[in-house]
Ligand SMILES: [Zn+2]
């Protein structure tokens with residue numbers, strides 16, 4: 001009985017520490033009294049929780065409030081650099097990496113032109129490059145939460161296996177294959193899921209459910225359920241919604257998937273030129289290129305209309321093509337969606353444009369580690 005009592009006390013202390021930390025993390029700075037009032041615990045409990053968090057290096061005393069008299073209240077803040085996380089995005093032709101602090105600020109980033117191959121030589125080169133990047137950072141191994149790798153593939157629930165990756169042709173490859181060459185704890189995440197997580201993190205205007213669509217070389221997209229609760233419909237595959245059963249063959253084996261009409265790759269193939277030239281022509285009024293672009297936007301509008309028949313919510317548009325498109329393109333897309341929608345009481349479709357574009361997968365991968373850390377503090 002006595003032992004249970006001791007354990008319970010430790011658990012209560014841990015819960016209080018977590019509540020103090022979470023409040024301080026959200027508020028950025030606060031006094032003891034502000035914390036005590038906000039989370040409804042006593043001042044001595046807040047003081048002891050803060051002492052424990054300071055001892056762990058997670059919180060600092062960062063000054064005093066201006067006061068007209070009496071004792072000045074001390075200000076406490078979270079140490080953004082108490083932990084860092086590394087996010088990596090694997091693409092067919094290159095790898096991108098980023099290091100972020102506990103607030104998701106970018107500390108450093110890099111990329112490497114390295115074509116994906118499901119071969120030991122590739123994993124070895126990748127591991128060496130990641131290890132070098134991390135070792136060059138001015139942070140200790142103890143600060144590093146690990147390396148989360150975002151890739152174009154679905155991951156098993158236990159995080160150990162890539163269960164489907166037709167793009168990278170690495171179905172069945174395990175997390176341990178990566179871990180073998182990387183000196184830090186490795187985890188894997190589906191790129192679209194990571195990107196959606198980053199979109200939610202870096203903006204405060206997602207107040208309800210939303211759909212994220214990434215206009216990347218390969219199309220991607222997923223549901224975001226709930227505003228900032230970080231709940232995602234795992235492994236969303238909207239790119240394989242059929243737009244035309246007699247359409248072009250998709251890499252998944254079906255015909256006429258959204259991927260074959262709305263991916264940047266499909267657009268580039270039809271355009272027969274690089275995007276800077278193509279969009280210069282589109283925005284300059286070239287009739288062939290404008291026609292192709294409008295046809296692309298029509299297909300994207302059809303996909304969005306299909307999704308709206310299940311859930312009418314805001315759409316976050318992100319991905320690689322954002323580099324080239326402007327607000328008038330988004331307005332045309334919105335008009336097409338509204339024309340297609342038979343339920344006029346749905347109102348005008350709401351688009352939110354990504355602020356992080358194609359950096360979203362690597363940032364989201366790193367943020368996944370940060371979220372896990374905060375949740376388990
Ligand atoms: Zn498909």
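The values are calculated or read from the model by the stated rules, or taken from the named source; none is laboratory data. Values in this document were obtained by computation on a predicted structure and should not be read as measured data. Every residue, glycine among them, receives a Cβ derived from its backbone with ideal geometry; neighbour counts consider all protein chains shown.
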| field | Search result, residues across region 185-224 that are crowded, with 18+ Cβ neighbours inside 10 Å and under 17 Å from residue 130 (Cα atoms) | value | 186, 187, 188, 189
| field | Out of 224, 213, 206, sole residue that is within 16 Å of the chain's Cα centre (by Cα), in contact (Cβ under 8 Å) with a residue 40 or more places away in the chain and in a loop (DSSP other than H, G, I, E, B) | value | 206
| said: Could you check region 343-360 and list, in sequence order, the residues that are touching a residue at least 60 places away in the same chain (Cβ under 8 Å) and outside any helix (DSSP H, G or I)? | reply: 352, 354, 355, 356
| request: Test residue 314 against the stated conditions and say whether it is modelled with pLDDT under 95, buried (at least 20 other Cβ atoms within 10 Å of the Cβ) and in contact with a strand residue (DSSP E or B) (Cβ under 8 Å, 6 or more places away or on another chain). | output: no
| The listed residue being in the same structural domain as residue 134 (by TED's automatic domain parsing) and either buried (at least 20 other Cβ atoms within 10 Å of the Cβ) or out of contact with any helix residue (DSSP H, G or I) (no Cβ under 8 Å at 6 or more places or on another chain) (or both), out of 369, 303, 333 | 369
| message | What pairs come out if I take residues in region 242-257 that are within 18 Å of residue 301 (Cα to Cα) and pair them with residues that are in a loop (DSSP other than H, G, I, E, B) and near the ligand (Cβ under 8 Å from one of its atoms) whose C-beta lies under 8 Å away, six or more apart or interchain? | response | 242/254; 256/250; 257/250
| remark: From the option list 35, 54, single residue qualifying as more than 21 Å from residue 143 (Cβ to Cβ), modelled with pLDDT of 95 or more and surrounded by 13 or more Cβ atoms within 10 Å (Cβ to Cβ) is 35
| request: Considering each residue of region 140-160, count those that are surrounded by 15 or more Cβ atoms within 10 Å (Cβ to Cβ) and out of contact with any helix residue (DSSP H, G or I) (no Cβ under 7 Å at 6 or more places or on another chain), and give that number. | output: 4
| message | Give me the residue from region 61-84 that is crowded, with 16+ Cβ neighbours inside 10 Å and within 31 Å of the chain's Cα centre (by Cα) and, out of that set, farthest from residue 145 (Cα to Cα). | response | 76
| Matching option when the condition is surrounded by fewer than 23 Cβ atoms within 10 Å (Cβ to Cβ), under 30 Å from residue 125 (Cα atoms) and within 16 Å of the ligand (Cβ to nearest atom), among 177, 242, 171 | 171
| request: Tell me which of these residue 271 doesn't satisfy, since it passes every other one: (1) under 19 Å from residue 308 (Cβ atoms); (2) more than 15 Å from the ligand (Cβ to nearest atom); (3) surrounded by fewer than 21 Cβ atoms within 10 Å (Cβ to Cβ). | output: (1)
| said: Out of everything in region 6-19 that is under 18 Å from residue 76 (Cβ atoms) and without any contact (Cβ under 8 Å) to a residue 60 or more places away in the chain, what residue ends up being surrounded by the fewest Cβ atoms within 10 Å (Cβ to Cβ)? | reply: 13
| note | Taking region 247-257 and keeping only residues that are in contact with a strand residue (DSSP E or B) (Cβ under 8 Å, 6 or more places away or on another chain) and within 8 Å of the ligand (Cβ to nearest atom), one is left with 250, 254, 257
| Given (1) more than 16 Å from the ligand (Cβ to nearest atom); (2) without any contact (Cβ under 8 Å) to a residue 24 or more places away in the chain; (3) surrounded by 15 or more Cβ atoms within 10 Å (Cβ to Cβ), number of the condition residue 277 does not satisfy | (3)
